[in-house]
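Engineer: First the structure, then my questions, so here it is.
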Amino acid sequence: MSPRWTKLLVIALALSLFAAACGSNDGGDEETTEVTTGQTEEDQQQLETDREAGEATGEDERDVETGPVHGGKVVYGIEADSANPWAHYAVSCAISCLLIYRAITDPLFLTDVNGDIQPYLAESLESNDDFTQWTVTVRDGVSFHDGTPLDGAAVKYNIDTCRFSALTGPAFLGLEDVTADGQTVTLTYSAPEATGPRSLLRERTCGHMFSPAWMATLANNPLNLPPFVTEEEAAELDLSGDPAAPVGLGAFVHESYTPGNGNSFIATRNPDYWRGDGPNSLTDEGLPYLDEIEFVVAVDIQGRSNGLRAGQFDIIHTANADEIKKYEEDGEFVLLQANDFGETSYIMLNVGAGENPTLAFVRGLDSLTMDPGDLNSASPLLQVSCRRALAHAIDRQRLADERGAGIVTPANGPFPPGSIGHLEDSGYPDFDLDAAATEWETCKADHGSTPISFTFNTTNDAFNVETNELVASMWRDAFGDEIEVSIAPIEQGQYIGLALAGAFQAQAWRNHGGVDPAEQWFWWSSATASPIDPSVPELALNFGRFQDPEMDAQFTIIRQNPDPAARQAAAEEVNRLFGQNVWNFWTTWTLWGVAANPRIQDLTDLEIPGFGPTIPVLGGRHHLTQMWCTDGDCQG
Amino acid sequence: MVADLDSGVAPATAATAEPAPAAIVDAGPENGSDAGAGVRRPKALGVMFWLAVGYLVVLVLAAIFAEVLPIKDPADTFSGTAKNGPSAEFWFGNDGAGRDIFSRVIYGAQVSLIIASVGATLALLIGGMIGMAAGYYRSRVDTIITTFTDATLVIPPLILALSLILFLDSEAARRVFILIVVFVLLSIAPIARVVRASTLVWSEREFVLAAKTMGARNGRIMFREVLPNVAPALISYSLIVMANLIVVEGAVAFLGLSVPPPTPTWGDMINKGRTDLEAAAHISLVPAAVMFLTVLALNFVGDKLQERYEPRESVL
């Protein structure tokens, strides 16, 4: 072929690609479906009102003419893979991980539609008079997928692996002893725990139960290491178990897992589920309805969304407001939107410095240096004046409008509207360039040199990078050449690890959804602010590594005082402390969207036996056990 | 020069002893025409060639003088303009963060052109020498080099680029350097093959044989006799290599592995506009069109120059 014809061919191909890119890919003109999303104008108005108030629950309110049907396979496009899968004491468990947990196992407690935590695998929870001892009784007759019975010993084993793990252990600080007897397990605390273990053992990482027989064969199990076993005993243990092949007791049984973007976790129907219709069913409810569920990691939101539109996925989740808005305007898919008890989007700051007497006391040391390698000592973010100046320079309303499609609202603290501790005015710095300039002068004096420079990590998702470039540009607009911000896009798999290790200065983040402020204490406690020491390595749940005795005191009230008014006042004070000290730059309240092929029914409303429906969508997660497909065929 | 010759006498150099190679081509009979017709007139390059050259010159000048041009800072965001289409103030519209796409396209050219031109130049030097050695010495040297280049060419370039970037790179600050190294490694093999082929032809020519007969050393023959004849085709091919490197850089940037933000690159701009293709297609399409035109122009110019300087058996 002559060069001229080759060029013409190239041009024609390029033009056709352009045309394809410009064209609508909704496919709605040609394809019709007998199933509708059932969204009315009134529903939309109600949703907007709820969303504004932070009370969008994400409930699937479609009217269904027929009852549930067994059969079908659902493919769920999830936003990320999980590092160190799948044992709860080791995995970096964010929303995608917790969704998979909901398929393969169950927690001891579940959150109901009112935000109250109710027994689920547990039958009851009782405490002594001073709340230092709590006894959980678990259902009799429930078995793990490998046949191991769920009893007090199994629950104790689960709790022990979590409390002695370097990753999850800090969340169990204060828990002194765990004993098991028959179907009961008793937890003894060194100080009163007014809400008991329910918030830790609900549908969060360590609330989910896994087979002790499986965990006993895992090399990374802390109970398989000294001091729990001697070196000799450890050498003789059978550690041939596969941590990537979890054994739970849930509605679906792990079938296969391949790590990495584009790969999947497949789970098939558990015929002997305790809420099923098998010989060991306790409720004869026939759950689950689906034959199989596959979770496919699709990190890029555009790829995930295109996958749903193309039929590759049947459900996706996203916290990308732009994408949620597109589905809102597209009646072809079911869309659940939820921000009730939701998360906050923010920029997390590493302020680890000085000594940590609280953690030193916990560890029985004389002193503990937070930054022995001086890795963070030059960060300007250690200065509260710099943090305040930078906070004043962020136009959160603009972020909400331009990067949140106008459907999210600016955040002013860790507690969203409707949550205990939320304040209309938390004292967090407003967008005010004059105030920013004043604080900036103090910042420069405090820091001692200009330009003020730091690295700002973001996930490598193009949308997130651009959002954080906008934040950086706001700082440049306010402070000109006196600020240098290096934006570092980080691969998703490393992201949580950097936060745990303290290897960051500023990092875009999303967290703190929950129904009770007691659930948050370990994120912000001095006792969980481990040093920045890669040589150890230290893992901190208080990622920002700030220490504040006043914050610790407020959480003592929240954890120990059963009086709701006192707990609310303490939570509000926590909010104000964040406002004063600016340990994080709050940006917006997170809105989660779950978009699905309309053949998937009952996306929400799993019933808790004896306690009514569960909360529909909490922190972007909904239950999977109750889902079914029209005619038992999810793709149609 | 004297030391190069065994006789110790400085004769006329091979180059001066032979007619200039270009003159040979130009003076030779063309398609069996009468040798007495005189010097062949070079084929006209055409309007499209000069349009392509003009486009490239404007692009290169804009990229070099971007700092002094009256355009907006590519990192500045303008409130209320996110995803707006072209306007009098923002000729190419605004991206998702409200930045001026026109200015980002020009600054984006800096990265693409620097990486592509430096990469192609270094690859030209290294690949050129390797290819000349293979084509001139032949036998075992040729076998070894050809095996190496063939082996390299078997691996898909984008896969090789991504693997090398991930393997070599640890800090975003060094990304430009790493990208250049990777692109040089990618380009050596194809350039070496082209140069080898050209050298095989030229090293059989009479003036080369004459130089050998006169006792000129191999190095001297390669650089004084062969290289001047291989160079025109090589330089024109390097433009095609540059075009390829711009595309590879775009692909790497699209995957988020090129220079870190906020430095704009065309591939990164296309990537960031991807989510808005339905509502604001210009965010992706403008940088895509500029990249397309640049690659087309480089290919066109390279093709034309290659046609012009390509040695033809009939002429030789």
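Engineer: What residues does the range A:481-528 have that are buried by at least 20 Å² of accessible area in the full protein assembly compared to the chain on its own, 1.4 angstrom probe?
Structural biologist: A:Ile487, A:Pro489
Engineer: When all C-alpha to C-alpha distances in the range B:111-314 are sorted into bins of 5 Å, what percent of pairs does each bin hold, rounded to whole numbers?
Structural biologist: Calculated P(r), rounded to whole percents: 1, 8, 14, 16, 16, 14, 10, 8, 5, 4, 2, 1, 0, 0, 0.
Engineer: Sticking with this structure for a sec: Quick check: residue separation of A:Ala569 and A:Arg363 times 0.36 nm, minus the Cα distance between them. What number comes out in nm?
Structural biologist: Contour length minus Cα-Cα distance gives 71.1 nm.
Engineer: While we're on this one: Between B:Val68 and A:Asn128, what FRET efficiency comes out of the Förster formula 1/(1 + (r/R0)^6) with R0 = 60 Å and r the beta carbon distance, rounded to 0.05?
Structural biologist: Using R0 = 60 Å, I get an efficiency of 0.20.
Engineer: Next question, about the same structure. What average count of beta carbons from other chains do you get within 10 Å of the Cβ of residues in A:465-476?
Structural biologist: 6
Engineer: Taking only complete DSSP H runs, can you tell me which helices of chain A stretch 24 Å or more along their own long axis by Cα positions and average at least 0.5 on the Kyte-Doolittle scale?
Structural biologist: The answer, listed by residue number, is A:3-22.
Engineer: Run lengths n ≥ 4 of DSSP H only: what is the helix-derived mean residue ellipticity at 222 nm for the protein assembly as shown, with -39500 (n - 2.57) per run over all residues, to the nearest 500?
Structural biologist: -12500 deg cm²/dmol
Engineer: Run the numbers on chain A and let me know its relative contact order in percent, using alpha-carbon pairs under 8 Å that are six or more apart.
Structural biologist: With pairs under 8 Å counted, the relative contact order is 20 percent.
Engineer: Where does the range A:144-233 land on the Kirkwood hydrodynamic radius, alpha-carbon pairs, in angstrom?
Structural biologist: One decimal place: 13.9 Å for the Kirkwood radius.
Engineer: What is the dipole size for the protein assembly as shown, taken about its Cα centre, with +1 at each Lys and Arg Cβ and -1 at each Asp and Glu Cβ, in debye to the nearest 20?
Structural biologist: Dipole magnitude for the protein assembly as shown comes out near 5700 debye.
Engineer: Rounded to the nearest 0.05, what FRET efficiency do A:Asp425 and B:Val53 have when you use their Cβ-Cβ distance and R0 = 51 Å?
Structural biologist: 0.20
Engineer: How crowded by other chains is B:253-266, given as the mean number of beta carbons from other chains within 10 Å of each beta carbon?
Structural biologist: Mean number of neighbouring Cβ atoms from other chains: 3.
Engineer: Taking 0.36 nm per residue of sequence separation and subtracting the Cα-Cα distance, how much length would be gained by fully extending the chain between A:Ser256 and A:Ala310, in nm to one decimal?
Structural biologist: Fully extending the segment from A:Ser256 to A:Ala310 adds 17.0 nm.
Engineer: If you stretched the chain out fully between A:Asn114 and A:Thr268, how much longer would it get, using 0.36 nm times the residue separation minus the C-alpha to C-alpha distance?
Structural biologist: Computed gain between A:Asn114 and A:Thr268 is 52.3 nm.
Engineer: Could you list, bin by bin from short to long, the percent of Cα-Cα pairs of the range B:167-272 in 5 Å steps?
Structural biologist: P(r) over the range B:167-272, rounded to whole percents: 2, 11, 17, 15, 12, 10, 9, 8, 7, 5, 3, 1, 0.
Engineer: Turning to a different aspect of this structure: I'd like the FRET efficiency for A:Phe611 and A:Glu61, computed as 1/(1 + (r/R0)^6) with the beta carbon distance as r and R0 of 22 Å, rounded to 0.05.
Structural biologist: 0.60
Engineer: Sticking with this one: Using only alpha carbons, build the gyration tensor for chain A and give me the equivalent ellipsoid semi-axes, biggest first, whole Å.
Structural biologist: The three semi-axes for chain A are 36, 36, 24 Å.
Engineer: Another one. Among residues other than A:Phe431 whose Cβ falls under 10 Å from its Cβ, what is the net charge (Lys/Arg +1, Asp/Glu -1)?
Structural biologist: Net charge around A:Phe431: -1.
Engineer: Also, I was wondering about something else. Structure shown: which of B:Lys212/B:Lys304; A:Lys326/B:Lys83; B:Lys83/B:Lys272; A:Lys73/A:Lys325 lie over 22 Å apart, alpha-carbon to alpha-carbon?
Structural biologist: From B:Lys212/B:Lys304; A:Lys326/B:Lys83; B:Lys83/B:Lys272; A:Lys73/A:Lys325, over 22 Å: B:Lys212/B:Lys304; A:Lys73/A:Lys325.
The values are calculated or read from the model by the stated rules, or taken from the named source; none is laboratory data. Everything quoted here is computed from the prediction, not taken from an experiment. Quick reminder, even Gly has a Cβ in these numbers, built from the backbone with ideal geometry, and neighbours come from all protein chains shown. To get the accessible areas, we keep the full protein, side chains included, count just its heavy atoms, and leave off ligands, DNA and RNA. Shrake-Rupley method; radii C 1.70, N 1.55, O 1.52, S 1.80 Å.
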